Amino acid sequence: MKIGIVLLVLALFFSCTYQRERCSEWHLVFRNDKSGNAVFGDKSELIRLARAGYPVRVGFGGRSSADSDRSVEHIADCQFLTVRNASELYAQIAPIIGQRPNVDGSEIKFRENYQWSIIVGTNGFSDRINTFLPSDSVAGHNSRPTNVSWFVNGPLPEDYEPLAGPLWEE
């Protein structure tokens, strides 16, 4: 009798542990192209999960127009989310010290006098600001269409099939 109870408790423990691990995985929920068209997933599901308080992460990047093997991909946790008109989600990342990736080599270095932040949207919009730290002044500010991959740390949909590939792909 005691062995049966112990086995039941262990089974429940491992079942709950499995479910927690399954729910604590980051997974791609939505991907938009530069025009805001859905490439993967469901935007309304992304907005629902963001409203429910699940952590959101964004991925974006680009590649050289002269050499398609040269690319950079960024993945960052969102620090601030905005739902606009119940139909678009915008995410802002915390400012980071700038980087200078050497796409021809294996190194990446800090741009120690610069930091930047970006806002990206499910409609393909992005707005980036660069700050020159020594004078605490804006060193650049631009908006441009951006492909964005949206990840959520939350429950996996039953029919979830991950999408692989570079974050800058449409």
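Brief remarks follow.
- Within the stretch 48-69, being of a type outside the set (Gly, Ala, Ser) and within 20 Å of residue 128 (Cβ to Cβ) holds for 56, 57, 58, 60, 63.
- Subset of the stretch 67-83 [of a type outside the set (A, V, I, L, M) and farther than 10 Å from residue 47 by Cα]: 67, 68, 69, 70, 71, 73, 74, 77, 78, 79, 80
- Scope the stretch 96-146; condition within 19 Å of residue 81 (Cβ to Cβ) and part of a loop (DSSP other than H, G, I, E, B); matching residues: 122, 123, 124, 125, 146
- Residue within the stretch 57-76 that is surrounded by fewer than 14 Cβ atoms within 10 Å (Cβ to Cβ), aromatic (Phe, Trp, Tyr) and not in a helix (DSSP H, G or I) present: no
- Only one entry in 89, 81 is assigned to a strand (DSSP E or B), open to solvent by 50 Å² or more (accessible area, probe 1.4 Å) and either modelled with pLDDT of 95 or more or closer than 22 Å to residue 35 by Cβ (or both), namely 81.
- Among the residues of the stretch 23-56, just one is in a strand (DSSP E or B) and on the phi > 0 side of the Ramachandran plot, namely 41.
- Only residues that are open to solvent by less than 90 Å² (accessible area, probe 1.4 Å) and at pLDDT 50 or above were counted in the stretch 1-22, giving 4.
- For the stretch 115-138, residues that are open to solvent by 50 Å² or more (accessible area, probe 1.4 Å), in contact with a Ser or Thr (Cβ under 9 Å, 6 or more places away or on another chain) and more than 20 Å from residue 77 (Cα to Cα) total 1.
- Under the condition of being open to solvent by 70 Å² or more (accessible area, probe 1.4 Å) and modelled with pLDDT of 95 or more, the residues counted in the stretch 23-33 number 0.
- Residue match in the stretch 99-107 (condition: under 25 Å from residue 28 (Cβ atoms), open to solvent by less than 70 Å² (accessible area, probe 1.4 Å), aliphatic (A, V, I, L, M) and at pLDDT below 95): yes
The values are calculated or read from the model by the stated rules, or taken from the named source; none is laboratory data. Because the structure is a prediction, the values reported are computed rather than measured. Counting neighbours? That spans all protein chains shown, and the Cβs are built from the backbone with ideal geometry, glycine included. Heads up: the accessible areas ignore ligands, DNA and RNA and are worked out on the full protein's heavy atoms, side chains in. Shrake-Rupley method; radii C 1.70, N 1.55, O 1.52, S 1.80 Å.
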